[in-house]
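A.B. asks: Once you've had a glance at the structure underneath, I'll fire off some questions.
What follows is calculated from the coordinates using simple rules that are stated; it is not laboratory data. Nothing here was measured: the structure is a model prediction, and the numbers come from that model. Cβ sites come from the backbone with ideal geometry, for glycine too, and all protein chains shown count toward neighbours.
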Amino acid sequence: MIDPRIIALVNEIGELHRRQCSCTDRLNAARESEAQELKDRFRAPPNPSLPELQHFETIFDRQDALQRARSELKSHKRVGRVKLKIWLAAFVVSWAVLQWGGAFDAVLVVGLLVVATVLTADHGWVFRRLTQESLRRQLIERGVPICITCGYDLRGQLDSRCPECGAACAAPALPPGESTCQPTA
């Protein structure tokens, strides 16, 4: 015969185990809710100048993608040539204005140099197309099917062409990192 104290102890342990499971379930649900809340809070609003950013999961992914795109821009040869042309034009015009102008024209020269500085420093809007292409390549690397030419979301696309711009697109089953669309001639 089993001692009634042992039966009571087993029942008590069973009840404690059920309570612990219940608390664990509530704790996990609360964690998931908080995690979703944090994820929603760090989801940045859409950026109208770079719509590709909406495909990145969190604001941190977006920041990393933009930082990578900007570092790619710094190494891009065309960017360096455009910056050099802007500064040369600003220098030539500034020199000409100072040679043949008066004191008021010196203000114009300073303004021109400020504009040249802004144009060569801010890659976000001067070199927007190159930034978008970089973001699209990053999305393709992450497995998001997107047209490299126009940025159209190709999820569910069965045709071999982008419905937005008509660029030839490879089959949707490409491995991540491989370009999906080629510009049409």
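A.B. asks: Mind checking the full-extension length gain between residue 129 and residue 38? Use 0.36 nm per residue of separation minus the Cα-Cα distance, one decimal, nm. Don't skip to the end; give the middle numbers.
C.D. replies: Values: separation 91, 0.36 × 91 = 32.76 nm, distance 3.17 nm.
That works out to 29.6 nm of additional length.
A.B. asks: What FRET efficiency do you get for residue 24 and residue 68 if R0 is 41 Å and r is their Cβ-Cβ distance, rounded to the nearest 0.05?
C.D. replies: Details: r = 40 Å, r/R0 = 0.97.
The pair residue 24/residue 68 has a calculated efficiency of 0.55.
A.B. asks: In addition: Would you order 53, 73 from fewest to most other beta-carbon atoms within 10 Å of each residue's own beta-carbon?
C.D. replies: Numbers: 53 21, 73 18.
Fewest to most other Cβ atoms nearby, the residues stand as 73, 53.
A.B. asks: Let me ask something else about it. Normalized C-alpha radius of gyration of the range 1-41, against 2.2 N^0.38 Å?
C.D. replies: So the range 1-41 has a normalised radius of gyration of 1.97.
A.B. asks: Ranking request for peptides 156-162, 132-138, 58-64: highest mean number of other beta-carbon atoms within 10 Å first, then the rest in descending order.
C.D. replies: Values: 156-162: 12.1, 132-138: 20.7, 58-64: 14.9.
Highest to lowest by the protection proxy: 132-138, 58-64, 156-162.
A.B. asks: While we're on this one: Search the structure for amide H atoms under 5 Å from the amide H of residue 154, placed 1.01 Å from N in the peptide plane, and list their residues when 5 or more places away or on another chain.
C.D. replies: So residue 154 has HN proximity to 146, 147.
A.B. asks: Cut-off under 16 Å on the C-alpha distance; same-chain residues fewer than 8 positions from residue 83 excluded. Which aspartates and glutamates are left, in chain and number order?
C.D. replies: 72, 122
A.B. asks: What length, rounded to one decimal in nm, is gained on full extension from residue 82 through to residue 58, with 0.36 nm per residue of separation minus their alpha-carbon distance? Walk me through the numbers before you get to the answer.
C.D. replies: Values: separation 24, 0.36 × 24 = 8.64 nm, distance 3.25 nm.
Fully extending the segment from residue 82 to residue 58 adds 5.4 nm.
A.B. asks: List 140, 7 from most exposed to least, where exposure is judged by having the fewest other Cβ atoms within 10 Å. Please list the in-between numbers first.
C.D. replies: Values: 140 22, 7 10.
The most exposed by this proxy come first: 7, 140.
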